[in-house]
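Every number in this text was worked out from the coordinates using simple rules, so none of it is lab data. These numbers were taken from a predicted model, which means no experiment stands behind them. Here the Cβ is made from the backbone with ideal geometry for all residues, glycine too, and neighbour counts use every protein chain on show.
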Amino acid sequence: MEVLVLIGRVVFALLFLGSGFGHLTQRQMMAGYATGKGVPAANLMVPLTGLQLLAGALMVALGIWPDVGALLLVTFLVPTAFIMHGFWAETDPGAKAMEQTQFLKDLALAGAALVMFAVFAYLGDDLGLVLVGPLFSLS
């Protein structure tokens, strides 16, 4: 089971590693998009959330307080769903469908990250194949 959990952690983290890297390397383009969505201080928020994504993904993948890493991802995903993908405000059917898909994707990933948090915190030191075990305990 330890190997399956490790593979799942790494595969899950890949999306966030790529996104976090994109936040840093494509900062101006992403900040422009975020500004258009009403994000305050987008030039600051984009690189900060990029670092948040990278930290959370690396923590989950490498097993360095993976429960905390999962929570970092949740705290990115939930606000992002509501701020960046407000499908309810779209009038164009195509844009509305695309934003609704992105909104639901972010919420689904947040749900998965919450499940990971719970599993990591419940298993504690029995999680195995981690560098530093979970910080929280739910057992």
Could you tell me the center-to-center distance, by alpha carbons, between the range 45-74 and the range 107-139 in angstrom?
13
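Over the chain, what number does the Rg to Rh ratio reach, with both radii from the alpha-carbon atoms and Rh per Kirkwood?
Working: Rg = 16.1 Å, Rh = 15.7 Å.
Reported Rg/Rh, Kirkwood definition of Rh: 1.03.
Relative contact order (percent) for the chain, with alpha-carbon contacts under 8 angstrom and 6 or more residues of separation? Please report the intermediate quantities before stating the final value.
Details: 190 pairs, mean separation 33.0, N = 139.
Across the chain, relative contact order equals 24 percent.
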Where does the charge balance sit around Asp125 when Lys and Arg score +1, Asp and Glu -1, over other residues with C-beta under 15 Å from its C-beta?
-3
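Tell me, what is the FRET efficiency for Leu138 and Ile7 to the nearest 0.05, using R0 = 22 angstrom and their Cβ-Cβ distance as r?
0.45
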0 to 90° range, to nearest 10: angle between helix 93-123 axis and the chain longest Cα axis
20
Considering amide H positions built from the backbone, and no H for Pro or chain starts, which residues 5 or more places from Ile64, or on another chain, come under 5 Å of its amide H?
Leu131, Val132
